[in-house]
Amino acid sequence: MDDPGPAPGVRRRTAILHIGMEKTGTTTLQQALARSSDALRQGGFRYPLLGAGNAHAALVARAKTRGDEADLPALAGRRADESRAAFDARIDAELAREVAAHPDATFILSSEHASSRLNHPPCLRQLKAVLDRHFDDIRICVYLRRWDRMALSAYSTFVQNGLASLAPFQHFRGTSYLDYAGMLARWAAVFGQERMQVAIFERGELAGGSIVPDFAARFGLPMLDERRDANASLDFDDLRALALINRLLEERNLPNASAIRAHIIAGLRKSSGPIPIAPDKARQFNGYYADQAETIRALYFPERPSLFDDDYSGYQVSDGPPVNWQTAAGKLAEALDGVLGGSPSLDPN
């Protein structure tokens, strides 16, 4: 049934809810939105402050069922002595004040955790109930990245946070983290497929070559204050060596493991050149998601011959001998031994 819109004389309030996904430039976009408050206000938009930081993890935490919150309270700005009921009431009040103070603005809300952590319909219905109190037009925006590229980007983050796996594709294959079709179906079932705006996160697909001008163009925003991330990815071989160090840290069960890991990461090389994985392995990994790709393409991109591009030039099998990962980790292991020997700055006491 078509949306009849608001009754005559009733102002329609709109919210644009950007839900990620993770590893698609979300932090860059959120920082640009937060820096551009004056330009947004002049253009009739509002990017509010809710909870903590530049993003809206507080809304995700507000929507999570109780007892299924993981580390969201810290990300959302929930105080250590604050009950869940008190937190929910505070976030509701903050949002209500924002809407009351900016009654004519189109609100922009953003959290990549919405797509990755609101995995159950009750959570999405709870989020919709919170937003329905203030908005009668809620639009969902999500960016999708080709599966192999998403897995490798996530692998870098996970290893830097302690993952000990040497095989990124095996680690992520079949996980809910990469279940794009399931995620889209859940959101469409609650908010309506007609409210879903799905985009492809690849430089050649983005207006201006970046998520910031692309998002602005999609929703008619003024020019945003974009400052592109200058940080390069870490060298892939160094990442796998770090994964072995993570294994060692796990075995030793060290209380200052995070500080030790940060010390080592500071000395890792930045990425340069192709990823040392056979292109056929990346193709095979994406082939696992072929049915998902076709489902999403047919629903949201019927004019495209395929959901994602077929470019694997970023991969290359090394011409040299196979890497001995114990040897590759040797230099890092020496650094680790030095830290364990009593680096004052990393002493847990």
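The values are calculated or read from the model by the stated rules, or taken from the named source; none is laboratory data. As the structure is a computational prediction, the values presented were derived from the model and not from experiment. Cβ sites come from the backbone with ideal geometry, for glycine too, and all protein chains shown count toward neighbours. Keep in mind that these areas ignore ligands, DNA and RNA; they rest on the heavy atoms of the full protein, side chains included. Shrake-Rupley method; radii C 1.70, N 1.55, O 1.52, S 1.80 Å.
Laid out as a table, the results:
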{"quantity": "Residue count, the range 134-163 (criterion: closer than 30 Å to Glu94 by Cα and either at pLDDT 95 or above or part of a strand (DSSP E or B) (or both))", "calculated": "9"}
{"quantity": "Positions within the range 133-166 being touching an Asp or Glu at 6+ places or on another chain (Cβ under 9 Å), of a type outside the set (D, E, K, R), closer than 27 Å to Ala243 by Cβ and open to solvent by 10 Å² or more (accessible area, probe 1.4 Å), in sequence order", "calculated": "Ser153, Thr157, Gly162, Ala164"}
{"quantity": "Residue that is modelled with the highest pLDDT, among those in the range 223-241 that are open to solvent by 40 Å² or more (accessible area, probe 1.4 Å), assigned to a loop (DSSP other than H, G, I, E, B) and not small (Gly, Ala, Ser)", "calculated": "Met223"}
{"quantity": "Enumeration of residues in the range 98-122 that are open to solvent by less than 50 Å² (accessible area, probe 1.4 Å), assigned to a helix (DSSP H, G or I) and at pLDDT 95 or above", "calculated": "Glu98, Val99, Ala114, Ser115"}
{"quantity": "Output for the range 73-97, where each listed residue is of a type in the set (A, V, I, L, M, F, W, C), crowded, with 18+ Cβ neighbours inside 10 Å and at pLDDT below 90", "calculated": "Leu75, Ala76"}
{"quantity": "Selection count where residues are free of Cβ contacts under 8 Å to residues at least 60 places away in the same chain, open to solvent by 60 Å² or more (accessible area, probe 1.4 Å) and of a type in the set (D, E, K, R), scope the range 195-222", "calculated": "2"}
{"quantity": "Among (1) modelled with pLDDT of 95 or more; (2) buried (at least 19 other Cβ atoms within 10 Å of the Cβ); (3) not in a loop (DSSP other than H, G, I, E, B), the one test that Gly182 misses", "calculated": "(2)"}
{"quantity": "Residue tally, condition modelled with pLDDT of 85 or more and either farther than 26 Å from Ser233 by Cβ or open to solvent by 60 Å² or more (accessible area, probe 1.4 Å) (or both), over the range 251-261", "calculated": "1"}
{"quantity": "Residues of the range 274-301 classified as assigned to a loop (DSSP other than H, G, I, E, B), open to solvent by less than 60 Å² (accessible area, probe 1.4 Å) and more than 18 Å from Gln170 (Cβ to Cβ), total", "calculated": "1"}
{"quantity": "For Ala282: the one exception among (1) under 14 Å from Leu239 (Cβ atoms); (2) aliphatic (A, V, I, L, M); (3) touching a strand residue (DSSP E or B) at 6+ places or on another chain (Cβ under 7 Å)", "calculated": "(1)"}
